[in-house]
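The values are calculated or read from the model by the stated rules, or taken from the named source; none is laboratory data. None of these values were measured; they are calculated from a predicted model. So basically every Cβ, Gly included, is an ideal-geometry build from the backbone, and we count neighbours across all protein chains shown. Side chains included, ligands, DNA and RNA excluded: accessible areas come from the protein's heavy atoms. Shrake-Rupley method; radii C 1.70, N 1.55, O 1.52, S 1.80 Å.
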Amino acid sequence: MKASPPATVTAVELKDLLESGTPPRLLDVRTASEFETVHIPGAYNVPLDLLREHRREIATRLDEDVVLVCRSGQRATHADASLRGVGLANVRVLDGGIIDWEKTGFAVKRGAQRWALDRQVRLVAGSIVLSSVIGSRAVPRLKWLAALIGGGLTIAALTNTCAMGMALARLPYNRGASCDPQTILAQLKDSTSS
């Protein structure tokens with residue numbers, strides 16, 4: 001049985017909610033480096049891989065409405081499924097992600113500029129394919145590495161997942177101090193008691 005699509009909120013609706021008397025909790029599920037580059041003020045960074053791993057603990061700390069944020073809405077949709085899977089029902093996804101938030105002209109907090117995860121995947125995949133095709137002139141079997149990457153990208157598109165992206169998210173470039181699960185859980189706990 002296919003899961004129902006997540007409840008969504010537009011950038012304009014989220015802005016209104018944030019200015020209301022009971023604003024939702026914003027969880028940004030991008031990598032720490034993406035979050036440090038640009039995020040919505042007041043958002044908490046809970047990278048998707050950590051959210052999945054600690055979803056039960058995180059869900060117990062979220063008693064208010066929650067809006068999940070990522071770059072475009074894809075990772076937030078996966079985070080929504082994880083949290084709903086452990087019984088958290090008060091979750092919505094920012095439709096269009098931070099891309100739409102910024103396009104609408106709403107405030108963001110900026111830090112050191114880094115490449116987004118999808119751009120890193122394009123660089124790594126493209127470099128492997130290009131070097132494999134060029135190298136296959138000297139070592140013909142290298143063409144199969146290019147085919148393997150091409151097949152992996154096709155599967156990634158069909159399944160809406162990306163093993164290379166998940167692997168790159170674990171690299172030091174994409175992690176930060178905020179990626180420690182205990183730090184994240186403590187921040188979420190502290191914010192519910194304030």
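For the structure I just gave you, tell me whether Asp95 is open to solvent by 60 Å² or more (accessible area, probe 1.4 Å), acidic (Asp, Glu) and modelled with pLDDT of 95 or more. It would help to see each step written out before you state the result.
Working: open to solvent by 60 Å² or more (accessible area, probe 1.4 Å): yes; acidic (Asp, Glu): yes; modelled with pLDDT of 95 or more: yes.
Yes: the conditions hold for Asp95.
Going residue by residue through segment 52-69, is there one that turns out to be touching a strand residue (DSSP E or B) at 6+ places or on another chain (Cβ under 7 Å), open to solvent by less than 20 Å² (accessible area, probe 1.4 Å) and under 16 Å from Val108 (Cβ atoms)?
yes
Please count how many residues of segment 123-142 are without any contact (Cβ under 8 Å) to a residue 12 or more places away in the chain, surrounded by 15 or more Cβ atoms within 10 Å (Cβ to Cβ) and either assigned to a helix (DSSP H, G or I) or among the basic types (Lys, Arg) (or both).
Qualifying residue count, segment 123-142: 2.
Can Val38 be described as within 22 Å of Cys162 (Cβ to Cβ), in contact (Cβ under 8 Å) with a residue 12 or more places away in the chain and open to solvent by less than 10 Å² (accessible area, probe 1.4 Å)?
Working: within 22 Å of Cys162 (Cβ to Cβ): yes; in contact (Cβ under 8 Å) with a residue 12 or more places away in the chain: yes; open to solvent by less than 10 Å² (accessible area, probe 1.4 Å): no.
So Val38 does not fit the description; no.
I'd like to check something: does segment 102-113 contain any residue that is closer than 21 Å to Leu68 by Cα, open to solvent by 50 Å² or more (accessible area, probe 1.4 Å) and at pLDDT below 80?
No, every residue in segment 102-113 fails to be closer than 21 Å to Leu68 by Cα, open to solvent by 50 Å² or more (accessible area, probe 1.4 Å) and at pLDDT below 80.
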